[in-house]
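As structure tokens, the structure follows; a few thoughts come after it.
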Amino acid sequence: MLVNIFDAFVQQSPVSVMMRGMIEHVFRAERLDALFEHHAKAQYTRELLFSEVVNLLSLVVCGIHPSVNAAYKAKATELSVERAAFYQKLNGIEIGVSAALLRETAGELSQLIQQMGGQQTPLLPGYRVRILDGNALAATEHRLKVLRSVGAAPLPGKSLVVLDPDLGLAVDIFPCEDGHAQERRLFGQVLATVAPGELWIADRNMCTLELLTGIGERQSAFVIREHQNLPWQAVSELRSMAVIEAGEVLEQEVTIEFEGRSLTLRRIVLRLSQPTRHGDSEIVVLTNLPVADASARVVLQLYRERWQVEGLFLTVTKNFECEIETLAYPKAALFSFSLALVTYNILATLKAALASVHGVETIEATVSDFYLVDELQGTYRGMMIAIPSEHWHPFRTMSLTELAALLKQLAAQVNLERFLKQPRKRKSKTPPRVRDPKHPHVSTARLLSPG
């Protein structure tokens, strides 16, 4: 009987089975609890396991339950603690544990994507590309006692996130509990992870002497937009390299110095034929990539790929509950954001499975994240009633090779037409609205009536 029910979900909603199977594998209890024991410094396990916290909060992040309290009520009979104890555990999860959760699960999902062959065409062959950007969490409710008399919006924290564009995964996070802290205070942590053969792409907020020289000293490369306050010395004059649709491309050689160490860079300028919406007439990018590896035009194209990390933030904000406004404690808010990034990675792996069967370009161009997540949210509760959790346990023990083969098999049964993006239509200009204080209301039916 259960086999027939499984088959029904495979036929009607294979993406839900794929997503649930990967969640079961990634969030397997023994792996999560071992991660917590290794990375937690102050917290320890009494009755409530870290894996139980992850599994419950993931239901909120995925939109299966509307709040943490609703998820707790749904899972109360399976938990060994009262609600207050659960929140106490959640509010104290250390940021090192949150970062480790994303980092370690991303490593496994990276291998899974490569097993399936669903990765993108490399942005720059020979380099492992990393796109770095900051994210400030939205203000929370004034639930804490220290916030009740504060009129300003309470910020629970911020972070730097690293995206691997070739795999489509968020591979690292550097969280900070101080919502007003400068992102630059986290650069030391970022540099500790930089490895030879990488290419780091970032916006001008990341353009500091410390970060540029630090990346260069680690035999790694960067493409970072120039900050106007960055000091440099010209080695050569600007010379025209090409004329493209966006404008004229120029290049020169410059040097920078930090703590007695110097670094020679290429300074590439795009003089725009039309100013940006912010009024910029040129875009300046700094890089230490050799000319043989990337021409000036290629460097500018690489910088344009920075938008991909913005797409990541948009996806987790629109499709997942990455900023739960009731979680006012910084540790809890940062943990929920990290968990949303893990969930995003699972979705990206699902899309990689589809890409391995239907083609990478087809999936990227046509499949909507929104409709995939909507399918999961609409199917999940009924699926878990029809197929109890213990029957999903085989996904936990599957090898990556076995899981990759199963995901590709399920991906072949997905009807892509159900998840196609809605093409945007060109918006017509809205005419000015006429307001009459004597008639604040109108009848829509009368306005529509031809008479």
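Within region 140-173, the residues that satisfy the criterion of being small (Gly, Ala, Ser) and surrounded by 14 or more Cβ atoms within 10 Å (Cβ to Cβ) are Gly157, Ser159, Gly168, Ala170. Taken over region 267-319, residues that are of a type in the set (Lys, Arg) and more than 23 Å from the chain's Cα centre (by Cα) amount to 4.
How do the helices (runs of 4 or more DSSP H) wholly within region 291-400 filter down when requiring 1 or more residues that are at pLDDT 90 or above and within 28 Å of Val223 (Cα to Cα): which remain?
On the way: elements: 296-304, 307-319, 330-358, 360-366, 369-386, 394-397.
Because the criterion is at least 1 residues that are at pLDDT 90 or above and within 28 Å of Val223 (Cα to Cα), the helices (runs of 4 or more DSSP H) in region 291-400 that meet it are 296-304, 307-319, 330-358, 360-366.
Scanning region 246-258 for residues that are in contact (Cβ under 8 Å) with a residue 24 or more places away in the chain and either in a loop (DSSP other than H, G, I, E, B) or polar (S, T, N, Q) (or both) yields one hit, Ala246.
Take Arg20 and decide whether it is outside any helix (DSSP H, G or I), among the basic types (Lys, Arg) and either under 27 Å from Thr401 (Cβ atoms) or without any contact (Cβ under 8 Å) to a residue 12 or more places away in the chain (or both). Show your work before the answer.
Values: outside any helix (DSSP H, G or I): no; among the basic types (Lys, Arg): yes; either under 27 Å from Thr401 (Cβ atoms) or without any contact (Cβ under 8 Å) to a residue 12 or more places away in the chain (or both): yes.
So Arg20 fails the test.
On the stretch given as region 75-111, residues that are under 16 Å from Tyr344 (Cβ atoms) and of a type in the set (D, E, K, R) total 3. Number of residues in region 76-95 that are surrounded by 14 or more Cβ atoms within 10 Å (Cβ to Cβ) and of a type in the set (Ser, Thr, Tyr) equals 1.
Tell me yes or no: at least one residue of region 62-82 is more than 28 Å from Tyr380 (Cα to Cα) and among the β-branched types (Val, Ile, Thr). Scanning region 62-82 turns up no residue that is more than 28 Å from Tyr380 (Cα to Cα) and among the β-branched types (Val, Ile, Thr). For Arg185, the test of being assigned to a loop (DSSP other than H, G, I, E, B) and among the basic types (Lys, Arg) is failed.
Output the residues belonging to region 108-152 that are among the small types (Gly, Ala, Ser) and under 29 Å from Tyr87 (Cβ atoms).
Answer for region 108-152, where residues must be among the small types (Gly, Ala, Ser) and under 29 Å from Tyr87 (Cβ atoms): Gly134, Ala136, Ala138, Ala139, Ser149, Gly151, Ala152.
The values are calculated or read from the model by the stated rules, or taken from the named source; none is laboratory data. Small disclaimer: the values here were computed from a predicted structure and weren't measured. Cβ atoms come from the backbone with ideal geometry, glycine included; neighbour counts cover every protein chain shown.
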